[in-house]
Amino acid sequence: MIAPVQPKLHTDPIVRAPGSAFLKLENVDKSFVRDGNTSHVLNDVNLTMREGEFISIIGHSGCGKSTLLRTLNRMNDTIPGARLKGEVLLDGENVLEMSVDERARAGLFLAMQYPVEVPGVSVANFLRTAKTAIDGEAPKLRTWVKDFRAAMDALKMDPAFAERNVNEGFSGGEKKRHEVLQLELLRPKMAFLDETDSGLDIDALRVVSEGVNRAKEINDLGIVLITHYTRILRYIRPDHVHVFVDGRIVEQGGPELADRLEAVAAELDEIMFDQLREASAEKTGRPAGDKRLTQARRAVEKAARLLHGGTEEY
């Protein structure tokens, strides 16, 4: 008996010269003027990335990480008082002067932290229409159907998902898988992933990470990943790690920097847990002792020095 043939995703790598696509951010400064007061969200950010590289940007909430990615797609321009300086160059062309569809055809992709619902448009129709718009021609139906099914299967998505309206009623995990499904099928040059790991349990995190790894390998994809935590970096190892504080890069290094950050976070978690346990102990009824408070203060100072470029002042 001949076993049934399972559909497979077309995984022939895109043939390009190594590092052929080159993205460069030069002195990108984003500010908002309200009631005569100027608030700087991005402060002269400089960053370079080649096709095939994976960069992770780590930082706390409100430090400007998501604003950086939204700036690349000019998504903040409609906000009253928004001002933008600097250049974002893709192979020498200024991305900030391109329209939305021009940026997509140039090979840029943004996976949003909170993707919007599109009522009345199915996932299947949305993705095939997007693929047609980017490539300039409709994909061959038979090949597209095989690729679509294989990509969904790899992401452990129910086939019925294809007929659901885009992001309508999706859980957090379904939204993230849908973003990675787009990444695999649209095959951009550069992808910007805004907290793709947020809201995922450990199983979903692994599946989504595997999808990102596949897209990177097949497409020679360049990736900028925004995250609060380092847990996703256990599954997707970055080439470069940048620590973002107050709208600027304050520390950079290789994968070992993420490991250092995780170690500091683990130390803080342990000390804070012990403090709470001591403070709530019914036997003593008193807060943690001076020794524990001193340990906590030193751990916080250690984290601050690391996040601010390894200096003593912060």
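The values are calculated or read from the model by the stated rules, or taken from the named source; none is laboratory data. All of these numbers come straight from a predicted model, not from anything done at the bench. Here the Cβ positions follow ideal geometry from the backbone for every residue, glycine too, while neighbour counts run over all protein chains shown. The accessibility values were calculated without ligands, DNA or RNA, using every heavy atom of the protein model including side chains. Shrake-Rupley method; radii C 1.70, N 1.55, O 1.52, S 1.80 Å.
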State all residues of the stretch 91-110 that are part of a helix (DSSP H, G or I), charged (D, E, K, R) and either touching a Gly at 6+ places or on another chain (Cβ under 9 Å) or open to solvent by 30 Å² or more (accessible area, probe 1.4 Å) (or both); if no residue qualifies, say none. 97, 101, 102, 105
Out of curiosity, is residue 87 over 27 Å from residue 34 (Cα atoms) and under 23 Å from the mean Cα position of the chain (by Cα)? no
Hey, can you tell me all the residues within the stretch 52-62 that are touching a helix residue (DSSP H, G or I) at 6+ places or on another chain (Cβ under 9 Å), part of a loop (DSSP other than H, G, I, E, B) and not small (Gly, Ala, Ser)? 60
Pair list, Cβ < 7 Å and 6+ apart or interchain, from the stretch 90-111 residues that are without any contact (Cβ under 8 Å) to a residue 12 or more places away in the chain to residues that are assigned to a loop (DSSP other than H, G, I, E, B) and surrounded by 11 or more Cβ atoms within 10 Å (Cβ to Cβ): 98/106
With criteria (1) surrounded by 14 or more Cβ atoms within 10 Å (Cβ to Cβ); (2) under 18 Å from residue 193 (Cβ atoms), residue 165 comes up short on (2)
Failed condition for residue 175, given (1) at pLDDT below 95; (2) touching a helix residue (DSSP H, G or I) at 6+ places or on another chain (Cβ under 6 Å); (3) not acidic (Asp, Glu), with all others met? (2)
Scan the stretch 41-54 and tell me whether some residue there is within 18 Å of residue 112 (Cα to Cα), within 16 Å of the chain's Cα centre (by Cα) and modelled with pLDDT of 85 or more. yes
What is the one condition in (1) under 13 Å from the mean Cα position of the chain (by Cα); (2) on the phi < 0 side of the Ramachandran plot that residue 202 does not satisfy? (1)
